[in-house]
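Q: Can you keep this structure in mind? I'll have questions shortly.
All of the numbers you see were taken from the coordinates with simple rules; none came from a lab. Quick caveat: nothing in here was measured; it's all calculated off a predicted structure. Cβ atoms come from the backbone with ideal geometry, glycine included; neighbour counts cover every protein chain shown.
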Amino acid sequence: MTSVQPDRVRSGQSSQFTAAVVDEFGPNLNVRDVDLPKPGPNQALVKLIASGVCHTDLHATEGDWPVKPEPPFIPGHEGIGEVIELGPGKHSVSVGDIVGNAWLWSACGDCEYCRTGRETQCNDAEYGGYTQDGSFGEYMLVDTRYAARIPEGVDYLEAAPILCAGVTVYKGLKVSETKPGQFMVVSGVGGLGHLAVQYAKAMGMRVIAVDIAEDKLDHAKEWGAEFVVNAKDEDPVQAVQAYTDGGAHGILVTAVHKDAFGQALGMARRDGTIVFNGLPPGEFPASVFDIVFRNLTIRGSLVGTRQDMAEALDFYARGLVKPTVKECSLHEINDVFELMRQGKIDGRMAIRY
Ligand code: NAD
Ligand code: ZN
Ligand code: ZN
């Protein structure tokens, strides 16, 4: 297939573009020019339209996790844009298609995990905005075998948060094996959690929301939570145990404070499942006796597969979930991070290019 030259290069303009770059771990990104990459085999160059800002991008920028990316790198893994150039070889997308990058940027396709529908656990996976440059720039590369296909006719700014926040909580809810009519606690009602409340409701669960910000809990009620708990004002374990008469069947933790993880065990019903999505640095206390005696399942859940992504986007395209999104510019990224640190973002901030 012949590769099409990107418009800016073709018109003789700069072969550089503006991106928010982590040059060293710390509080701030540098918004500066970087070189336009050339797509290799299985890759496409994408001109960004929108990108959500995930709390993971903040963890990446600050170097919070034991496995770290290598600066300089460009964060961002909720990007949506138009394919403007394809690398050599065959592709399942065409120039002009609207695609997204995701945290699961690519995987080997051939290992035990990839072959059994667990590609997020591939040892050779690449992560968007972490091991591969992401969507905090005017252009990005995607692997066309793994790029998200964006449904036609959707609002791209609004759809962007589905690419990480949406798919992550949708998958987390699925693996909790909580059934329609059963109680699901969503702990943390931020970018991930505000969608978790809506997905859980759409999946027929009875939703309880826990956060430490009153305004987020008010919104959670609008999105379908039948009971809310402010963990700053009251003990969420006692409140949830009392409301559910014995604990919730499923707990999804999206909170960014480690206190929420220990509390999640206490909120569970006997034989309940606790799914961890949130990734704050640190550890939490857990009683072996409590876990064994009450038959608890605790499991981590990392984003979702390409199939989970298609399903999560389909919920959105059918109007079953609606991200709350506030627009910002790439140049405001450090201010957005500051709001995120303070827990002051309602839903998601998304960059419009
Ligand atoms: P966010 O900043 O938008 O939301 C975090 C929420 O947690 C806020 O509403 C905040 O008020 C709430 N919170 C803080 N302390 C709390 C407490 N003690 N109890 C209850 N709620 C509390 O962040 P986000 O973008 O939703 O991301 C959340 C976490 O999920 C991050 O750690 C992120 O890295 C992680 N994440 C994991 C995956 C995955 O695949 N597992 C994917 C995306 C994000
Ligand atoms: Zn693999
Ligand atoms: Zn994310």
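Q: Can you work out ³J(HN,Hα) from phi for every residue in the range 187-204, in order, using Karplus 6.51 cos²θ - 1.76 cosθ + 1.60 and θ = phi - 60°, giving whole Hz and x for Gly and Pro?
A: Whole-Hz 3J(HN,Hα) from phi for the range 187-204: 9, x, 10, x, x, 6, x, 5, 7, 4, 4, 6, 4, 4, 4, 5, 8, x.
Q: Of Lys232/Lys344; Lys68/Lys171; Lys171/Lys232, which pairs sit farther than 19 Å apart, going by alpha carbon to alpha carbon?
A: Pairs exceeding the cut-off: Lys68/Lys171; Lys171/Lys232.
Q: Further question on the same structure: Lysines near Lys38 by alpha-carbon distance under 24 Å, same-chain residues fewer than 8 away left out - which ones?
A: Cross-link targets: Lys47, Lys90.
Q: ³J(HN,Hα) across the range 144-150 via Karplus (A = 6.51, B = -1.76, C = 1.60, θ = phi - 60°), whole Hz, x for Gly/Pro?
A: Along the range 144-150, the couplings run 5, 7, 10, 5, 6, 9, 8 Hz.
Q: Residues with amide H under 5 Å of Val21's amide H, sequence separation 5 or more or different chain, H placed in the peptide plane at 1.01 Å from N; which?
A: Asn30, Val31, Arg32
Q: Just to verify a number: FRET efficiency for Phe293 and Arg32, C-beta to C-beta distance, R0 = 56 Å, to 0.05?
A: Working from the Cβ atoms, E equals 0.50.
Q: Run the quick spin-label model on Glu283 and Trp65: label points 7 Å from Cα toward the beta carbon, then report their separation in nm to one decimal.
A: Output for this residue pair reads 2.0 nm.
Q: If you don't mind, there's one more thing I want to ask. For a footprinting-style exposure proxy, rank Val292, Val207 by other Cβ within 10 Å, fewest first.
A: Sorted ascending by nearby Cβ count, the order is Val292, Val207.
Q: What FRET efficiency would be calculated for the residue pair Ser92, Asp124, taking the C-beta separation as r and a Förster radius of 25 Å, to the nearest 0.05?
A: After rounding to 0.05, the efficiency reads 0.75.
Q: Turning to a different aspect of this structure: Tell me, in nm to one decimal, what length is gained between Asp245 and Leu302 on full extension, where the rule is 0.36 nm per residue of separation less the Cα-Cα distance?
A: 17.5 nm
Q: List the lysines whose alpha-carbon lies under 20 Å from that of Lys174, not counting same-chain residues fewer than 8 positions away?
A: Lys201, Lys322
Q: So, one more: In units of 2.2 N^0.38 Å, what is the alpha-carbon radius of gyration of the range 85-185?
A: Against the empirical 2.2 N^0.38 Å value, I get 1.22 for the range 85-185.
Q: With bins 20 Å wide starting at 0, give me the P(r) of the chain over every alpha carbon pair, in whole percents.
A: With a bin width of 20 Å, the distribution comes to 32, 56, 12, 0.
Q: Helix 306-317 sits at what angle to the longest principal axis of the chain, using alpha carbons and giving 0 to 90 degrees rounded to 10?
A: Once rounded, the angle reads 80 degrees.
Q: For Lys216, which aspartates and glutamates qualify as cross-link partners when the Cα separation must be under 19 Å and same-chain residues fewer than eight apart are set aside?
A: Glu158, Glu226, Asp233, Glu234, Asp235, Asp259, Glu327, Glu338, Asp346
Q: Taking Rh as the Kirkwood radius, which is the inverse of the mean 1/r over Cα pairs, what is the Rg/Rh value for the range 29-80?
A: Dividing the radius of gyration by the Kirkwood radius yields 0.98.
Q: To continue, here is another question. Got a sec to turn the phi values of the range 175-180 into Karplus ³J(HN,Hα) couplings, 6.51 cos²θ - 1.76 cosθ + 1.60 with θ = phi - 60°, whole Hz, x for Gly and Pro?
A: Once θ is set to phi - 60°, the couplings for the range 175-180 become 6, 6, 6, 6, 9, x Hz.
Q: Compute the orientation-averaged projected area for the range 166-300 from the convex hull of its Cα atoms and round it to one decimal in nm².
A: 7.0
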